[in-house]
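Since the structure comes first, as structure tokens, the remarks are kept for the end.
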Amino acid sequence: MFSANRPAILLICIIVLGISIIIFLNLQNNRTKPTLGPPTAINISGKEKVKYPEDYTIVMVGDSMTETLGNSVELKKFLSDYYPGKSFEVLNYGFGSTNILSVLDRITKETEHGRKFRAIADIDYDLVLLESFGENPLSEYKLEEGLQRQAEELDKIVTVLKETNPQGKIVFVATISPNKVIFAQNQVDLSPEKRAEWVNERIAYMKNHIAYANNHDIPVINIFEKSLMENGDGNSDYISTNDYIHPSPTGIVFISRVIADFISKNSIFPK
């Protein structure tokens, strides 16, 4: 009788074993990760700063093109792929509808954009990513004068960043290119010629940002160039169809991937 039931007993044993393995794997996957805790105050050269518990702290400074990256889930994921076992805090200081002239306040003062943001100078960051603010050009000036003002402001920004955090690394970022045909097409009523003119002005500021970085030996993540199509215009796949200005979901992933690739390939953080 036992021999006759042996196949059934064996099958039951296999099923029980399989269920046990599944339960074990689920328990492993659902184990609670250690909580890193809140940032703490530390003293650096007589100056009190905020230290985040993650291995690396990144501050992103920009306009709404940076703000659109949100909590930087995609960027953190790509960085974790390159730096297994390391944790990242990414602080998004992207403030919509602001230009390069607003950056010094973000560095030196507590500012407000929907909530309060502590001064960047009070953060013990490892890397600051400074975006071009090209989508918010200094249009109150003639182009050449505006580009000169941009460069002068970058002089001040870089100086203050180096003075307030000598150990922190500075990397410039030029974001995705706008598209001359569709730029802001459901936001502003423009003729094709005026639309192209607006885009060219924004591109001039992005290129000036890149040129400044190259002339001052500052690393630059040139997402702008990587986002161009063969005809030299911005790739519409990376642009939101809601406003035809900001990054689309595909654009957010693209931007995050290019930033993470650059950080890894250029050994911005030790592995």
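The values are calculated or read from the model by the stated rules, or taken from the named source; none is laboratory data. Note that this is a predicted model, so its numbers are computed, not measured. Cβ placement follows ideal geometry from the backbone for every residue including glycine, while neighbour counts extend to all protein chains displayed.
For MET229, which of the numbered conditions (1) in contact (Cβ under 8 Å) with a residue 24 or more places away in the chain; (2) touching a helix residue (DSSP H, G or I) at 6+ places or on another chain (Cβ under 9 Å); (3) under 21 Å from LYS207 (Cβ atoms) fails to hold?
Failing condition for MET229: (1).
Could you tell me whether segment 199-216 includes any residue that is in the same structural domain as THR98 (by TED's automatic domain parsing), at negative phi and not in a helix (DSSP H, G or I)?
Yes, that holds for at least one residue.
Would you check if VAL158 is closer than 20 Å to VAL59 by Cα, surrounded by fewer than 20 Cβ atoms within 10 Å (Cβ to Cβ) and within 19 Å of the chain's Cα centre (by Cα)?
Yes; evaluated as a whole, the condition is true for this residue.
Give all pairs with beta carbons closer than 7 Å in which a residue from segment 189-218 that is farther than 15 Å from GLN150 by Cα meets a residue that is among the basic types (Lys, Arg); count only pairs at least 6 apart in sequence or on separate chains.
ARG195/LYS180; ALA196/LYS180; VAL199/LYS180
Every residue in segment 106-119 that is surrounded by 14 or more Cβ atoms within 10 Å (Cβ to Cβ), outside any strand (DSSP E or B) and not basic (Lys, Arg), please.
Of everything in segment 106-119, those that are surrounded by 14 or more Cβ atoms within 10 Å (Cβ to Cβ), outside any strand (DSSP E or B) and not basic (Lys, Arg) turn out to be ILE107, THR108, HIS113, ALA119.
Which residues, counting only those in segment 220-244, are touching a Phe, Trp or Tyr at 6+ places or on another chain (Cβ under 7 Å) and not aromatic (Phe, Trp, Tyr)?
Within segment 220-244, VAL220, ILE221, SER227 meet the criteria.
Taking ILE221 and the conditions (1) under 28 Å from LYS156 (Cβ atoms); (2) in contact (Cβ under 8 Å) with a residue 12 or more places away in the chain; (3) of a type in the set (A, V, I, L, M, F, W, C); (4) assigned to a helix (DSSP H, G or I), which numbered condition does it fall short on, given that it satisfies the others?
(4)
Residues are listed down the side, and each one gets a yes or a no for (1) over 17 Å from the mean Cα position of the chain (by Cα); (2) more than 28 Å from GLU153 (Cα to Cα); (3) of a type in the set (Phe, Trp, Tyr):
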| residue | (1), (2), (3) |
| --- | --- |
| ILE176 | no, no, no |
| GLU197 | yes, no, no |
| ALA204 | yes, no, no |
| LEU228 | yes, no, no |
| HIS246 | no, no, no |
| SER264 | no, yes, no |
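On the given criteria, is LEU129 touching a residue at least 40 places away in the same chain (Cβ under 8 Å) and either in a helix (DSSP H, G or I) or not assigned by TED's automatic domain parsing to the domain that holds GLU153 (or both)?
So LEU129 does not fit the description; no.
Taking segment 46-103 as the region of interest, how many residues are within 20 Å of LEU36 (Cβ to Cβ), of a type in the set (A, V, I, L, M) and assigned to a helix (DSSP H, G or I)?
3
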